[in-house]
Amino acid sequence: EAEMGRTRSRALEAELRTRLREVEETRQEIIDAARSQARRELALVRSELRRLRSSLPLEAPAAQAASAALEAIEALGEAVQPLAPVEAPLPPPDETPRVGDTVYVSSLGQTGELVNVDGQEAEVRVGSFRLRTRMSGLELHARAEPAATGVEGRGVRVPDVASPGMELDLRGRRAEEVAPVLDQYLDSAYLARLPWVRIIHGKGMGVLKQVVREFLAEHPLVQSYRPGDASEGGEGVTAVRLYARSD
């Protein structure tokens, strides 16, 4: 199915290129026809002015006016010469990752294969494991190539991921700094197979706590979360349960 989609995409792109060339050729024909008509009309006017000038004494005002008009027509004739064909610009390439493409996972700094897309969430195979993340965090690295018959691909070895620790302390950070820091931490914790982590945001006015919990509610790696109990720090901490890796 993915291969059929890529084939259709290539066929549509080729058809679009053909249509653009046809439009440009038609435009050029119209312009050339209009310029040819203008040149014919200018030639008639030029001939009439020359005839008029030759029939009058050179010092006559009408002859001088005819000479000035001829000079203006000669200059105008230069402006209606045929134009060189201009190739129509192609539309910008589609950079949206598709299933089978190699993508760059910005939060990990690694590449992998996009194996599934569900709305704004994606599943990426990085070496021997699969990672769930947001489509917005992926960049197209390379389009998928049709698999060669009888040739087996080599697996990609993923470097070992060190544990980022069971806690992430966000106290003192601004609200707009939370998302990228927390996203990278959760990805690293997931890769390190941590089942639980604690996010320390403090109590204060509750702004960081609200930002953290809203982010956790939408994160694809978070199975559940809850306020910390008394021994963990109470409302100043959020305990997070992560999904287990599927490999």
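The values are calculated or read from the model by the stated rules, or taken from the named source; none is laboratory data. Because the structure is a prediction, the values reported are computed rather than measured. Positions of Cβ are backbone-derived with ideal geometry, glycine not excepted, and every protein chain shown enters the neighbour counts.
Rundown of residues vs (1) in the same structural domain as residue 122 (by TED's automatic domain parsing); (2) in a loop (DSSP other than H, G, I, E, B); (3) aliphatic (A, V, I, L, M); (4) at pLDDT below 90, yes/no style:
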{"position": "187", "(1), (2), (3), (4)": "no, no, no, yes"}
{"position": "193", "(1), (2), (3), (4)": "no, yes, no, yes"}
{"position": "203", "(1), (2), (3), (4)": "no, yes, no, yes"}
{"position": "212", "(1), (2), (3), (4)": "no, no, yes, no"}
{"position": "224", "(1), (2), (3), (4)": "no, no, no, no"}
{"position": "229", "(1), (2), (3), (4)": "no, yes, no, yes"}
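For region 208-233, filtering for residues that are of a type in the set (Asp, Glu) and either within 20 Å of residue 181 (Cα to Cα) or buried (at least 17 other Cβ atoms within 10 Å of the Cβ) (or both) leaves 2. Each residue in region 108-126 was checked for being in a loop (DSSP other than H, G, I, E, B) and closer than 15 Å to residue 218 by Cα, and 2 pass. Annotation: of all residues in region 135-144 being surrounded by 16 or more Cβ atoms within 10 Å (Cβ to Cβ) and either closer than 24 Å to residue 192 by Cβ or outside the structural domain of residue 107 (by TED's automatic domain parsing) (or both), the one that is farthest from the chain's Cα centre (by Cα) is 137. Please tell me if residue 245 is in contact (Cβ under 8 Å) with a residue 40 or more places away in the chain, of a type in the set (Lys, Arg) and under 23 Å from residue 129 (Cα atoms). Against the criterion (in contact (Cβ under 8 Å) with a residue 40 or more places away in the chain, of a type in the set (Lys, Arg) and under 23 Å from residue 129 (Cα atoms)), residue 245 qualifies.
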